[in-house]
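Read the structure below first, then the notes.
Values in this text are rule-based calculations from the coordinates and carry no lab data. Small disclaimer: the values here were computed from a predicted structure and weren't measured. Neighbour counts run over all protein chains shown; Cβ positions are idealised from the backbone, glycine included.
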Amino acid sequence: MEFSANLGFLWDELPLPDAIRKAKDAGFSAVELHWPYATPSADVRAALADTGLPCLGLNTQRGDVSAGDNGCAAIPGREAEARRYIDEALAYARDIGAMSVHVMAGFTDRSPASKATFAQNLRYACTQAALTQRTILIEPLNTQDAKGYHISTVPEAQDVLANVDLPNLKIMFDCYHLQIMQGNLAHLFETCQAQIGHVQFAAVPGRGEPDTGEINYRWLLPELTRLGWAGPFGAEYKARGTTDSGLGWMDDYR
């Protein structure tokens, strides 16, 4: 079983190249990023080359965070901005060898107009990503942490996939968000397994290390592997203390 360090949360106090090297030293098999754009892609590429770690993916920009943005790809009237973010993310992904981009939808009223806008922007993203054999991801976010986000459940994400109808659009299956929204995660995984592009995890509640809370990851992650998941699991959690002091959970899988 392999794990990817989400460097949006883990070692986030360090410069990104140093965080990549820490992930290698800690025994992670890959890394994934949130919004790495302040770091030159050449520096990230060099750190990935030094460590031999692949980068699984990164997110499109959120937009105006101070105004409450969490993406804008599903917001009518902001199509040009959304496509700039898509182009930027795909270019950065190409530069560092990342194979997926998570297109952030934003907060919407889930109107027909917002659904159509999201589909149009995703068709654009998928078409551009296909030129270099990359995957576009969408992620349901729970309504406690991200009230009003455009999608919050697997069925809603599946509706988006059906509407866009392009093979390189996949679902980010985040166990933290989906436990809060739906639960029964192994069964839920089976209902959409062919449509999943990445799996992430964190404790519920609290979003800390996966060694506490209501999800028994020592059972769940091997079960998802048994069901057929072959990729690294993305450790997207917020350390309760320092990242280094909270890595004991990995011993359960060695």
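Each other residue within a Cβ distance under 14 Å of Trp249 adds +1 if Lys or Arg and -1 if Asp or Glu, for a net charge of -1.
The Cβ shell under 10 Å around Gly63 holds other residues with a net charge of -1, Lys and Arg each +1, Asp and Glu each -1. A simple count of charges around Pro76, restricted to other residues whose Cβ falls under 15 Å of its Cβ and scoring Lys, Arg +1 and Asp, Glu -1, yields 0.
Full extension from Asn163 to Glu2: what is 0.36 nm times the residue separation minus their Cα-Cα distance, to one decimal in nm?
Values: separation 161, 0.36 × 161 = 57.96 nm, distance 3.27 nm.
Difference between extended and current length: 54.7 nm.
Where in the chain are the helices, taken as whole DSSP H runs, whose Cα atoms extend 20 angstrom or more along the long axis and whose Kyte-Doolittle mean reaches at least 1.6?
On the way: long enough: 79-96 (26 Å, -0.66); 112-130 (27 Å, -0.22).
None pass (Cα extent of 20 Å or more, hydropathy at least 1.6).
Between Tyr37 and Ser111, the contour length at 0.36 nm per residue exceeds the alpha carbon distance by 23.5 nm.
Ranked by the mean number of other Cβ atoms within 10 Å of their residues, highest first, the peptides 171-177, 147-153, 185-191 fall in the order 171-177, 147-153, 185-191.
What shape does region 149-254 have by the C-alpha gyration tensor, where a ≥ b ≥ c are the square roots of the eigenvalues, rounded means a/c under 1.5, and otherwise prolate means a/b greater than b/c and oblate the rest? Cα axes put region 149-254 in the prolate bin. Rounded to the nearest 20, the Cβ-based charge dipole of the chain about its Cα centre (Lys and Arg +1, Asp and Glu -1) stands at 420 debye. Centroid-to-centroid, using Cα positions, region 161-208 and region 22-45 are 23 Å apart. Along its first, second and third principal axes, ordered by size, the chain spans 48, 42, 34 Å in Cα coordinates. The alpha-carbon positions of region 114-160 define a convex hull whose volume is 71 Å³ per residue.
Restricting to the chain, compute how many DSSP beta bridges are antiparallel as a %, nearest 5.
Working: 2 of 24 bridges.
That works out to approximately 10 percent antiparallel.
Using the Cβ-Cβ distance between Asp251 and Asp18 with R0 = 30 Å, the FRET efficiency computed as 1/(1 + (r/R0)^6) comes to roughly 0.80.
Taking Trp35, Trp219, Trp11 in turn, the Gaussian network model of the chain (Cα-Cα springs below 10 Å) assigns the largest fluctuation to Trp219.
Taking 0.36 nm per residue of separation and subtracting the Cα-Cα distance, full extension of the segment from Ala49 to Glu156 would add 34.7 nm.
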